[in-house]
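Asker: Here it is, the structure in full.
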Amino acid sequence: MPCLMIRLYGIVQGVGFRPFVARAAAQLGVKGTVANKGSYVEVFAQSGDETLERFVHILKNETPERAVVISADVRQCEDRSFSAFEIIESEKEEGAIFVSPDIATCDKCRSELFDKNDRRYLHPFINCTQCGPRLTILDAMPYDRERTTMKDFPMCPDCEYEYTHAHTRRYDAQPVCCNDCGPHVYIVGRDIRDAQAITLARKTIMQGGIIAVKGIGGFHLCCDAKNEEAVKRLRRLKNRPAKPFAVMMKDMDTVSRECRVLEGQEEFLTGYQKPILLLEKKQAQLCESISPDNPSVGVMLPYAPLQMLLFDYPDDVPMSDCLVMTSGNVSGAPICRSDEDAQKEIGSYCDMILSHNRRILIRADDSVMDWFEGKPYMIRRSRGFAPLPVMVSVKGNTSSLAIGGELKNTFCIGKNELLYLSSYVGDMADIRTVTALKESVQRLQELLEAKPQVCVCDMHPKYNTVAAAQETGLPLVKLQHHYAHILSCMAENDCAEKVIGVSFDGTGYGTDGTIWGGEILVCDTHGFERAGTIMPFRQVGGDASSKEGWRIAVQLIRDSFGEQSGEICKALDLCDEKTFKLQSVMADKGINTVTSTSAGRLFDAVSAILGIRKSSTFEGESSMCLEFEAERFEKDNAESITYEGELFNGERLETTQLVKTITQRFLSGDDRKKLAFVFHLALAEMIAAYCKELGGKSGIKTAALSGGVFQNKLLLRLTKQRLEKLGFTVLQHSLVPANDGGIALGQAYFALCNEQKQ
Ligand SMILES: [Zn+2]
Ligand SMILES: [Zn+2]
């Protein structure tokens, strides 16, 4: 009789996976065994061919709620003559390790939380085998209570019974606790605990106050999202004039009242990962300053019991159903995770701190996702997703540490074909973030029992991540930033073929010492060739120019209009005459000036020329507002627009010519929204035409789109459509960010594909 050996990799432990396999076998009359091998579950199955096919399908697709099968290895094996189906106990074997991310409070726990007759009524730490904190409280593997911060709370006899008995919902649930034995909430620095602390926090919010509240992976700053004054005050205190705040909404009814929810989105909002999802706003009750001039808002549902209790508590405080929940940190610094950090760093941003005594060992910011073609399009991959690995088909025997980039840093630990992308760490300009990075690397290496043989980092001579990489003492591989973006996209799509990589990004260090960022690369997993770029321009003013698009605009106009350019800059109100002269002298003499092909900066410049944003108060603001204007035009106009200009010349896209055309049309009265759209369309045309040319020469039929500029969904869609029309297979990101938060994955993929000879 046919017999299969099936190995299932992924989150298959502590989630009732073996009983599930046994039930499926009993149902179909399959004989064999299932065993837990530590890093995977191994099943031997014997039955008729058709039944086995059905059985494998169930194992892959009808898994228990919290299980994630990342891959399945199915092989024929010899007849074993099994007489029944058994669960066999087995020992841990060396190999891949899967650390579960934190899991949002499940529906059953939620109903117990609000059930007066339940012994965990209103318990702010309720959890079960299917839900609760995991990664953030974990000290070491294997995952059991002694190795989590729950070891501070000895179980009461009732909890102990549930923990040790297989028929309960809390069998083997490491963070299990109750009102008698669990952690407590309190107001920091005041003698107020438990119910009184929660009530005081709710009152403070409803009186227009701001509180800091400890969550699963760190503190949030929180206020009423319908109270304009409170939100404005938080903006002032946090020195954050315009960057959107995320909003936690009480339930799906509230979400539907405030936002348009597309098909498929509810599943993600209510799922066990509970990310922040960007949704289109309706003009309902949220105040404007939550996300000013922005058609969407980041929304999440409560994922920890304490958050549910903030919305709903039997204390007669009338409560808002929309709360701002923004990361509790100083801009650029890591999210606070202890009372001491919170008092020191965000104490002055809030009126009180609602905390608790369950320690957070690993920070986890909220994950943020956008939506593209009916699927998630990740912006920040963290809580709920990290550190689940990306698995690729390339086999190897490599352990690597990929340290990531400087902004939106994440790092990645590679162990053979498993690439464990970390939680979000932050921007490395802040020294606290650098410390957090080193600490997190250490901790994740221990958890994954990884001993890297090589460290991959960026090529930039001044990056703090490069310095941190050097400190590891490991052999270093320095990888070009935009190539790493494309490798990241290839890894996410499990591609090892030659591709045309379109890497449109902010700025990164090029192999020639200039600034790159609008690159078309012909690459495979071993190296790349810079096959094309946008037209280079001069970037004057060092770091300031990355926030001040008008500076780039001035140089692009000088390149296009020569002697007239002073007048044009004045007409566009980009800068006064004196500033124009200063900018010109600096550029011509090369003072604080670099040559750049940054696509991000090109967007900023066009935004400034069209009078949309002259400069940004947060990264990407100018180009984001340009995208919104273009989308508004597209929405209101059915007319088909074409771009007649030259698309490329030699190895350069004709982007400076495009800026010239747009400037002329704007000055002669053309609509700014329309021109914003023309800009997107023309870029997509240029990319497609250039890929066609390259594809014709090289025979490559796959294009990979990556880099922070591809967070722009309009550009992504227009480019993808054109490339597909030309017959290209288009690789894009989905669960790994296109921005710098994804490059560590590309770095680790490179290490795997290019094993270092020791
Ligand atoms: Zn639960
Ligand atoms: Zn208990």
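Asker: Tell me the mean residue ellipticity at 222 nm calculated for the chain from its helices only (DSSP H runs of n ≥ 4, each -39500 (n - 2.57), averaged over every residue, nearest 500).
Answerer: The helix-only estimate for the chain comes to -10000 deg cm²/dmol at 222 nm.
Asker: Once the Cα atoms of helix 194-206 and of the chain are each reduced to a long axis, what angle between those two axes, in degrees from 0 to 90 to the nearest 10, is obtained?
Answerer: Value to nearest ten degrees: 20.
Asker: Quick one: Kirkwood hydrodynamic radius for segment 99-183, alpha-carbon pairs, angstrom, one decimal?
Answerer: Kirkwood hydrodynamic radius for segment 99-183: 12.8 Å.
Asker: Rule-of-thumb check for the chain: C-alpha Rg over 2.2 N^0.38 Å?
Answerer: Expressed relative to 2.2 N^0.38 Å, the Cα Rg reads 0.99.
Asker: Say each of Ala242 and Cys156 gets a label point 7 Å from the Cα, pointing the same way as Cα to Cβ; how far apart are those two points in nm?
Answerer: The two pseudo-label positions are separated by 5.3 nm.
Asker: Over the chain, with every protein chain in place, what whole percent of the accessible area is carbon and sulfur at 1.4 Å, could you tell me? Numbers along the way, then the final one.
Answerer: On the way: 13780 of 29850 Å².
The value for the chain is 46 percent carbon and sulfur by accessible area.
Asker: For Asn409, which sequence-distant residues (separation of 5 or more, or a different chain) have an amide H within less than 5 Å of its own amide H, given hydrogens modelled in the peptide plane?
Answerer: Counting only residues 5 or more places away or on other chains, the set is Val425, Gly426, Asp427, Met428.
Asker: Compute the helix-to-body angle for 672-698: its Cα long axis versus the longest principal axis of the chain, expressed 0 to 90° and rounded to tens.
Answerer: The answer is roughly 80 degrees.
Asker: Where a Cα-Cα gap under 18 Å defines reach, which lysines qualify for Lys415, not counting those fewer than 8 residues away within the same chain?
Answerer: Excluding near neighbours in sequence, the set is Lys37, Lys92, Lys395, Lys451, Lys757.
Asker: Here is a further query. Taking the convex hull of the Cα atoms, report for segment 533-731 its projected area averaged over all directions, in nm².
Answerer: Quarter of the Cα hull surface area: 11.2 nm².
Asker: Using a cut-off of 26 Å between alpha-carbon atoms, which lysines can reach Lys250, once sequence neighbours fewer than 8 places away in the same chain are excluded?
Answerer: Counting by Cα, and skipping residues close in sequence, Lys250 has these lysines nearby: Lys108, Lys116, Lys203, Lys214, Lys226, Lys232, Lys238, Lys274, Lys281, Lys282, Lys375.
Asker: Would you rank Lys673, Lys344 by solvent-accessible area, highest first, keeping every protein chain in place and using a 1.4 Å probe?
Answerer: Ranking Lys673, Lys344 by accessible area, largest first, yields Lys344, Lys673.
Asker: Separate question: To the nearest 0.05, how large is the calculated FRET efficiency for Val74 and Glu263 if R₀ is 30 Å and r is the Cβ-Cβ distance?
Answerer: 0.40
Asker: Now for a separate question. Largest first, please: the extent of the C-alpha atoms of segment 3-88 along each principal axis, to the nearest Å.
Answerer: 31, 22, 20 Å, listed from the longest principal axis down.
Asker: Quick one: check the C-alpha center-to-center distance for segment 470-493 versus segment 133-208, whole angstrom.
Answerer: Centre-to-centre distance over Cα atoms comes out at 39 Å.
Asker: If N is the number of residues in segment 454-606, what value comes out of its Cα radius of gyration divided by 2.2 N^0.38 Å?
Answerer: Compactness ratio reported: 1.21.
Asker: A further question on this structure: Count the net charge of all other residues whose Cβ sits under 15 Å from the Cβ of Ala429, scoring Lys and Arg as +1 and Asp and Glu as -1.
Answerer: Cβ neighbours under 15 Å give a net charge of -3.
Asker: Can I ask one more? For the chain, give me the percentage of DSSP beta bridges that are antiparallel, rounded to the nearest 5 percent.
Answerer: Rounded to the nearest five, the antiparallel share is 75 percent.
Asker: Given H placed 1.01 Å from N in the peptide plane, which residues other than close sequence neighbours of Gly532 have an amide H under 5 Å from its amide H?
Answerer: Hits under the 5 Å cutoff: Ile520.
Asker: What whole-number value in Å² describes the accessible area per residue of the chain for a 1.4 Å probe? Please list the in-between numbers first.
Answerer: Numbers: 29850 Å² over 758 residues.
Counting only protein heavy atoms, the per-residue value for the chain is 39 Å².
Asker: Continuing with this model, one more query. Can you tell me the orientation of helix 621-636 relative to the chain, as the angle in degrees between its alpha-carbon axis and the longest Cα principal axis, to the nearest 10?
Answerer: That helix lies at roughly 90 degrees to the long axis.
The values are calculated or read from the model by the stated rules, or taken from the named source; none is laboratory data. For clarity, every value in this text was computed on a predicted model and none was experimentally measured. Counting neighbours? That spans all protein chains shown, and the Cβs are built from the backbone with ideal geometry, glycine included. Just the protein is used for accessible areas: all its heavy atoms, side chains included, with ligands, DNA and RNA removed. Shrake-Rupley method; radii C 1.70, N 1.55, O 1.52, S 1.80 Å.
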